[in-house]
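Q: Can you keep this structure in mind? I'll have questions shortly.
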Amino acid sequence: MVKVMPIQNSAFALGPAQRALSTGLAVAFTILGTAMTAYSAAADEPSDTGLSSVLSTYSITILLAVGLVALLIFRKVRSKKGGGKSTTPHRRNSRGEYTPSALPVTTPRVPAVVEDRRIQGLQPAQQWEKPGEVEPEVFGAYRIDQEVTKLAMCKPHRMDVMASRATEDRRAIEGSLVKALEASDTSDEGRRRVRQALEEYGFVARQSATMLMGRDAWERSSAARTLGQIGSENSLTFLIEALHDADPVVRNQAITSLGALKMPAAIGALLDIARRHPDIPASLLSETLSSCSVESLGFLDAPTGEPDLFAEGPEEPSAESFVNFQDLPEGTDNETLKELLGQLESEDENVRTSVAQQLGSYPVQCSVAALSSLALKDEDVGVRAAAVASLGLIDHESVFAPVLIALSDETREVRATAARTLTGLHFDRAEAYVRVMEKADPETLRDVAGACIKIGIVSQTADRLISEDRRQAYEAFSLFSLLAKANEFDPILETIRSHKDTEVRLCAVRVLSVAAASDVAPKLRELVSFKGMPESVRTAILEVLYKLDQKHTLFDVTPSDNDAVTLHNSL
């Protein structure tokens, strides 16, 4: 197929003036051609007169035509320059319709301002540039530290300073809040407010995102460490997710931070990650499991019955004032139970595990005794764990002692099971401590006291001795009384010696005045001479010593002292 190329120098490409001039010249040449033809015809005639007349006539005609054409061209050009409108020529398209000609049309002259705007509009579109953001006000580290200190001291503080979005301010706010959280002089309420501020102002969320999405291992590990320092419960799920990080440094730091959270909900994930990554240090994992199993002690904050001992005043309970407990039935007349108990002698650990699981459905004394023996003495870890879980199903005060002892088991599986069981018990814990004091044999009593010391219950309970919640105060006093009866005086004496709160020290001294034996007297005399002991605490210790001396004199009598005595020995 042959394509017809457009002619570039066509008449349609010329301007109006040029086209008018071309038309005029064409007309002139036409007239001139006609004249020349007529002249040739006339030249053939013999008469000279006719030739002259013809020449004269045609010469005048030619001059008039040329003048007329020139006048038309002049007026046309002038009208264009003066802004006159001209009729736009049209041309037919392929469908026979008239369309405006593609020839350029002269536009009227416009003012300079409008012309500039038109020129700008014809220029290529430029990318819109976002105006620069105003940098938020920078308050400075010193001002921020002042406001954080007010926040930690539960005083009014400037919200606009704490909510600053400047990069340097954000960094200073987070550092000051973490420092206040770890300060020893920050109260429990202050720590709660600081931790709440870290969550509300987005620092916990930012560190959690950095821990999961950070570019390098050091950045993710640093974020995990910061979350452990903050200790927010909202970071639990993020730390559990970080256990699956590809870098072992990040995994180990996540394990450490979970230990700082002390939440039993992390136990399952920790056990799972231990199976997936055998290279995790056993000591690190064991310490974190112990913290999550015990030191969190969510069961300490669970609701429990408030005793009536404080109805008439905050006097310390005595061992003689505790209520009696309702014992479980013996269960010796159940034949099915006897058959199950007989299978405990099997050497197959699977059989013993199955029996331990079934005994949980028999809430009788025989089941509790058998399960307690399995939980504390069986050689197989699975059997011990199953026995502890079944004790939790019975949910009676008599299972409290073996579950507490199981918390100090040498294997983390048993400790984890004991922690979950302990959080699910629904009886009054203070009365359970009392039951152990009244019912347990000396060996079991010492084991319970040792387990409470080892797993951290005692260290956490010390502050509750002066709690405004009477339930917590009574429970703490019961635990310290159990320690005293088991002759485990070291934690009590350490509380008296070094606790930062004088009221806690005085409460610990009152525990010894109620339940202490004369064996503790030499250690109390050492505390009296301890440098830095508050005078009120020293006076309370002297009163306990006097009471112990009187008790020793009262009970340490010989038969001869019972002889009759008169005013005069001679009678």
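Q: (1) among the acidic types (Asp, Glu); (2) under 21 Å from Asp188 (Cβ atoms); (3) open to solvent by less than 30 Å² (accessible area, probe 1.4 Å): which one isn't true of Asp409, the others all being true?
A: (2)
Q: Identify, by number, the condition in (1) among the aromatic types (Phe, Trp, Tyr); (2) under 27 Å from Arg435 (Cα atoms); (3) not in a helix (DSSP H, G or I) that Phe480 doesn't meet.
A: Evaluating Phe480 over (1) among the aromatic types (Phe, Trp, Tyr); (2) under 27 Å from Arg435 (Cα atoms); (3) not in a helix (DSSP H, G or I) leaves (3) as the failure.
Q: So, one more: Please note which helices (runs of 4 or more DSSP H) are completely contained in region 364-425 and include at least 2 residues that are among the aliphatic types (A, V, I, L, M) and under 33 Å from the mean Cα position of the chain (by Cα).
A: The helices (runs of 4 or more DSSP H) meeting that bar are 381-394, 400-406, 412-423.
Q: Would you mention how many residues in region 386-400 are more than 21 Å from Asp327 (Cβ to Cβ) and open to solvent by 20 Å² or more (accessible area, probe 1.4 Å)?
A: Final tally of qualifying residues: 1.
Q: Evaluate the following for Thr226: is it among the hydroxyl-bearing types (Ser, Thr, Tyr), more than 29 Å from Glu468 (Cα to Cα), in contact (Cβ under 8 Å) with a residue 40 or more places away in the chain and assigned to a helix (DSSP H, G or I)?
A: Criteria met by Thr226.
Q: State all residues of region 209-218 that are part of a helix (DSSP H, G or I) and open to solvent by 60 Å² or more (accessible area, probe 1.4 Å); if no residue qualifies, say none.
A: Those that are part of a helix (DSSP H, G or I) and open to solvent by 60 Å² or more (accessible area, probe 1.4 Å): Leu212, Met213, Trp218.
Conditions tested, residue by residue: (1) closer than 21 Å to Leu407 by Cα; (2) assigned to a helix (DSSP H, G or I); (3) touching a residue at least 60 places away in the same chain (Cβ under 8 Å); (4) open to solvent by less than 20 Å² (accessible area, probe 1.4 Å).
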site: Tyr474; (1), (2), (3), (4): no, yes, yes, yes
site: Leu493; (1), (2), (3), (4): no, yes, no, yes
site: Glu503; (1), (2), (3), (4): no, yes, no, no
site: Val509; (1), (2), (3), (4): no, yes, no, yes
site: Asp519; (1), (2), (3), (4): no, yes, no, no
site: Ile541; (1), (2), (3), (4): no, yes, no, yes
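Q: Given the criterion open to solvent by less than 70 Å² (accessible area, probe 1.4 Å), charged (D, E, K, R) and outside any loop (DSSP other than H, G, I, E, B), identify the matching residue among Arg170, Arg206, Arg192.
A: None of the others qualify; the one that does is Arg170.
The values are calculated or read from the model by the stated rules, or taken from the named source; none is laboratory data. Not measured: the values here are computed from a predicted model. Neighbour counts are summed over all protein chains in view; Cβ atoms, including those assigned to glycine, are modelled from backbone coordinates with ideal geometry. Note: areas computed on protein heavy atoms with side chains; ligands, DNA, RNA excluded. Shrake-Rupley method; radii C 1.70, N 1.55, O 1.52, S 1.80 Å.
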